[in-house]
Amino acid sequence: MTGQDLVDELRESYLDDTKIPYNWQDLELLKFLNRAEQQTCRRSYLIIDSTTAADAAGNPICQVTLIPNQAVYSFSRLVLQVERCKLSQMSLPLRPRTRDELDAQTFQWEATLGTSGTAGTAGGDIVVWPTWFIHEVNGEIVFVKTPTINDIAYLIVSRLPLIDFTLKTSPEIESQHHDGLLPWAAHLAFLKPDSDTQDLNLATIYDKIFTERFGPLPDAYAEKMRKMLPRQQRMRPRTFGS
């Protein structure tokens, strides 16, 4: 469905707003629908990506170019969770870790360079590849131990949409979830503070319908834990509805 299709369906099936002058303008409803798509991704991780190198600002999403002796890299804020991280020159993926885990396991891990299992030689120089990575809450990704080589890290991530959809384009989430955007958009529409638009009872009803399909919105602490915790310790949100 295009943005216009969704706006028309929202007017007819949820808002009873089909007669001109409208209570809500098309672009206003389109904004609510885009916010609904963001919500679905935060709640149910509907976009899994392994191919998008970077976002519009050039921040890495699925490819991070490693530079010798640099451990910390900017990372796209669109990324919600790193599912997998593998260097092109290594056979096994890097393991996710938290700072607390590394503090407990490795003395001064920030300054250490590799282990006997990840070191080799090139022209007589020691070559070190990272062993772990940390997805920081501030949007950075840290490779531990600090690499001494050029390489590319290829990632599989769950993320937010790259751009907002328009009246002529479609949401990035799979088409089977497009109709699921309508209850949240209706929820936002009925919160509009105007005598012809505000209906807190309907806003609550559509909030509940949306949550039943996509799950509750994680709070700030849960969002932090999703980034920080290793895969084996994460509690992945189940996808609501189908």
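Coordinate-derived values only; no laboratory data. Quantities reported herein were computed from a predicted structural model and do not represent experimental measurements. No Cβ is skipped: glycine too gets one built from the backbone with ideal geometry, and neighbour counts run over all protein chains shown.
Listed values, structure above:
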{"item": "Degrees between helix 200-214 axis and first principal axis of the chain (Cα, 0 to 90, nearest 10)", "result": "40"}
{"item": "Loop GluC sites (Glu not before Pro), segment 1-65 (other Cβ atoms within 10 Å of the site Cβ: 15 or fewer; DSSP)", "result": "none"}
{"item": "CD proxy at 222 nm, helix term only [per DSSP H run n ≥ 4: -39500 (n - 2.57); per residue of the chain; nearest 500]", "result": "-8500 deg cm²/dmol"}
{"item": "Other-chain or far-sequence residues with amide H under 5 Å of Val127's (modelled H)", "result": "Gly120, Thr121, Ala122"}
{"item": "Dipole-positive endmost among Asn69, Ile126, Leu15 within the chain (Cβ charges, Cα centre)", "result": "Ile126"}
{"item": "Ranked list, fewest to most other Cβ atoms within 10 Å of each Cβ, for Leu27, Leu46", "result": "Leu27, Leu46"}
{"item": "Over 31 Å (Cα to Cα) - which of Lys31/Lys86; Lys168/Lys227; Lys192/Lys227; Lys31/Lys227; Lys19/Lys208 fall in this group", "result": "Lys31/Lys86; Lys168/Lys227; Lys192/Lys227"}
{"item": "Cα centroid separation, segment 22-100 to segment 155-216 (Å)", "result": "20"}
{"item": "Backbone HN-Hα couplings from phi across segment 2-11 [Karplus 6.51/-1.76/1.60, Hz, Gly and Pro as x]", "result": "7, x, 5, 4, 5, 4, 5, 5, 4, 4"}
{"item": "Segment 48-159: radius of gyration and largest Cα-Cα distance (Dmax), Å", "result": "13.7, 41"}
{"item": "Contact order normalised by residue count of segment 48-159, Cα under 8 Å, 6+ apart, percent", "result": "42"}
{"item": "Measure of compaction for the chain (Cα Rg per 2.2 N^0.38 Å)", "result": "1.25"}
